[in-house]
Amino acid sequence: MTVVAPTTPAAPSASTTVTLPRSTNQALGIGEFAVRFMAGGSGGPGDAVRRQTIRFFADSVLCGLSALALRTNAPTLLRSEALGIPDASGATVFGSPARVLPEKAIVANAAAVREWDSNGTNFGYRPALGHTAGEFGHNDFYAVPIAAAQVGGLDGAAALRGMILLDEIRGRLAEVFSLKTYRIDHVVHGAIASAATYGAMLGATPEQIESAIGMFVAHHIPWRAIRAGKQLSDSKGASAAISTEAAVLGMKRSMRGFLGPRDIFRNPESMFRQFVRTTGDSPFDLVLSHSGDDFAVMGMHFKLGLYEHQSAGALQGLLNLIEAHPDLLTAADRIDRIEILAYEPAFGIIGDPAKKDPRTRQSADHSMAYIVATLLRKAIERAAASGTGTIAPSNDALWKALMLDPFDYGPEAIVHPSTRALMARIEFRHGGAEYDARYPDGIPTSLRVRMNDGRTFDSGLVMYPAGHARNTTADLDGILAHKFDLLGRIALADPGPITRRLTGIGALSADELRGLFDVPLLDRAPLE
């Protein structure tokens, strides 16, 4: 059902792209590209690009608002910190009209967006150009163009253009340089893009943007240590926010005259050339789109609930089995073994044996066993409660009915005895070279349920689960509308007005944009 024939995008037209060769000063080139892009002119992103960016933006904000309503630690702390530093010409945090220092609004809002680990993902894959570094990253950075627009008195159309620019730079960097290979956190690409976007929106010169990028790369490289260990901390969810705060602060300093390192991608002592040795060039060419529909955001993926994106293939496989064999749920007590095969890095990230016993939300949402067991437990409970042994009439409806939400990662849910019993029956294995070769084109995963009466239910290979950019079967807008409502009702009595405001951002005036996040957040009991 979800294994569709892969489509290889055509090579981009030279008339719609800018190439920054490895032999050139790419930091300055990014600055020049960003300034020209924000200036507009002929061409520009197509309607499909704007629509897709708006979907990711609305998704991210509703994730953030719900995280604040449930008083999660890092977002609440960083928001309070921001509100304590007023700035009459600054930006706003979620749930308040007060204007604060823009870098503080950015760190607070970006941390809230990322807290659930439920917003968009990119996989760094552009085969038409051979750019397949496969660095993943997330749509965590929209707070930057919003803040820049609020500071600069710009309208919603400018903010939207800034979002597209930011995703284009970070998405294309992810295609050509794999940070995870060197144990560097993926947020570096987003921080570089944040500096360029913030500066270009507020009148910085290309040279000032080059200086800010140089400062970030020289002073602020984060290691993946924040994502390792048995139980993960606030640093995991706030990594993008903290790095972006540093990048924007560097951009502000550059605009005041501070001079950072130049030509950082070719600097022989920089991170890039330390990990990839060259004779003087940068390790990569960079191709950026300025017009048409071939923008990086078009290859990014939605999470249809709260789960680590590497588990999406397994979730889709499980839903496929439930749809095809609904009696599986009424015979759940006879499940002997659930076998999952997947690729690296999925196996290494969410198959770590330490994560078979998660005790925090941040560890549970990075445990394949926990994620799959929780969805299956919910399905079993819903089927029993229905009185008919069934849940929903279609795959789309199953995604909606069983969507994982923040409460599925609360303290009681994490130790739920039924979930723990199912986890004990899950065997997660590396699928080997066959699976690895299919990533990052897709999310190659298979799931097999073995019953103690000898029956076996096999999902087959899942490549493009619902939410994946190359999935052609799911009703994405319908499932996203359900997710927006689900998260929105955690944060607000009525999420309809803010959802309409977010999805209509391109038509907002500068005054309306300043009040974009002024919504009355509900104050709910915290999950932890």
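The values are calculated or read from the model by the stated rules, or taken from the named source; none is laboratory data. Please read these numbers as outputs of a predicted model, since none were measured by experiment. Methodologically, a virtual Cβ is constructed for each residue, glycine included, from the backbone with ideal geometry; neighbour enumeration extends over all protein chains shown.
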Single residue of the stretch 403-427 satisfying the filter (hydrophobic (A, V, I, L, M, F, W, C) and touching a Phe, Trp or Tyr at 6+ places or on another chain (Cβ under 7 Å)) that is nearest to A364 (Cα to Cα) = A413
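Yes/no per residue for (1) out of contact with any helix residue (DSSP H, G or I) (no Cβ under 9 Å at 6 or more places or on another chain); (2) at pLDDT below 95; (3) among the small types (G, A, S); (4) crowded, with 24+ Cβ neighbours inside 10 Å:
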site: A148; (1), (2), (3), (4): no, no, yes, yes
site: D167; (1), (2), (3), (4): no, no, no, yes
site: F177; (1), (2), (3), (4): no, no, no, yes
site: G199; (1), (2), (3), (4): no, no, yes, yes
site: T205; (1), (2), (3), (4): no, no, no, no
The condition from (1) touching a residue at least 40 places away in the same chain (Cβ under 8 Å); (2) within 30 Å of V113 (Cα to Cα) that A331 misses is numbered (2)
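Which is more than 19 Å from D185 (Cβ to Cβ) and touching an Asp or Glu at 6+ places or on another chain (Cβ under 7 Å), of R277, R224, R266, R256? If you could, list the steps in order and put the result at the bottom.
Details: R277 fails: touching an Asp or Glu at 6+ places or on another chain (Cβ under 7 Å); R224 fails: more than 19 Å from D185 (Cβ to Cβ); R256 fails: touching an Asp or Glu at 6+ places or on another chain (Cβ under 7 Å).
Going through R277, R224, R266, R256 in turn, just one is more than 19 Å from D185 (Cβ to Cβ) and touching an Asp or Glu at 6+ places or on another chain (Cβ under 7 Å): R266.
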Which one is farthest from S235 (Cα to Cα), of the residues in the stretch 67-114 that are of a type in the set (S, T, N, Q) and surrounded by fewer than 21 Cβ atoms within 10 Å (Cβ to Cβ)?
-> S89
Report the residue count in the stretch 506-516 for those that are part of a loop (DSSP other than H, G, I, E, B) and within 20 Å of R51 (Cα to Cα).
-> 3
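Would you say I350 is modelled with pLDDT of 95 or more, surrounded by 20 or more Cβ atoms within 10 Å (Cβ to Cβ) and in contact with a helix residue (DSSP H, G or I) (Cβ under 9 Å, 6 or more places away or on another chain)?
For I350, the condition - modelled with pLDDT of 95 or more, surrounded by 20 or more Cβ atoms within 10 Å (Cβ to Cβ) and in contact with a helix residue (DSSP H, G or I) (Cβ under 9 Å, 6 or more places away or on another chain) - is not met.
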Of those in the stretch 355-408 that are under 19 Å from the mean Cα position of the chain (by Cα), aliphatic (A, V, I, L, M) and over 16 Å from I338 (Cβ atoms), the residue surrounded by the fewest Cβ atoms within 10 Å (Cβ to Cβ) is M403
For residues in the stretch 445-467 being touching a helix residue (DSSP H, G or I) at 6+ places or on another chain (Cβ under 7 Å) and assigned to a loop (DSSP other than H, G, I, E, B), which is surrounded by the fewest Cβ atoms within 10 Å (Cβ to Cβ)?
-> D453
Of these, F295, F284, which one is modelled with pLDDT of 95 or more, more than 20 Å from N139 (Cβ to Cβ), in the same structural domain as L78 (by TED's automatic domain parsing) and not polar (S, T, N, Q)?
-> F284
When the stretch 417-437 is checked residue by residue, the ones that are in a loop (DSSP other than H, G, I, E, B), surrounded by fewer than 18 Cβ atoms within 10 Å (Cβ to Cβ) and either touching a Leu at 6+ places or on another chain (Cβ under 8 Å) or not aliphatic (A, V, I, L, M) (or both) are R425, G432
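Identify, from the list V287, V297, the residue that is touching a Leu at 6+ places or on another chain (Cβ under 8 Å) and either more than 21 Å from P444 (Cα to Cα) or assigned to a helix (DSSP H, G or I) (or both).
Numbers: V297 fails: touching a Leu at 6+ places or on another chain (Cβ under 8 Å).
Criteria check complete, one pass: V287.
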Would you confirm whether any residue within the stretch 199-220 is within 20 Å of the chain's Cα centre (by Cα) and either touching a residue at least 40 places away in the same chain (Cβ under 8 Å) or not in a helix (DSSP H, G or I) (or both)?
-> no
Kindly indicate whether M300 is crowded, with 21+ Cβ neighbours inside 10 Å and under 30 Å from A373 (Cβ atoms).
-> yes
Touching a residue at least 40 places away in the same chain (Cβ under 8 Å), assigned by TED's automatic domain parsing to the domain that holds R114 and surrounded by 16 or more Cβ atoms within 10 Å (Cβ to Cβ): does that describe L259?
-> no
If you go through the stretch 266-281 one residue at a time, do you hit one that is within 23 Å of F37 (Cβ to Cβ), touching a Gly at 6+ places or on another chain (Cβ under 7 Å) and at pLDDT 95 or above?
-> yes
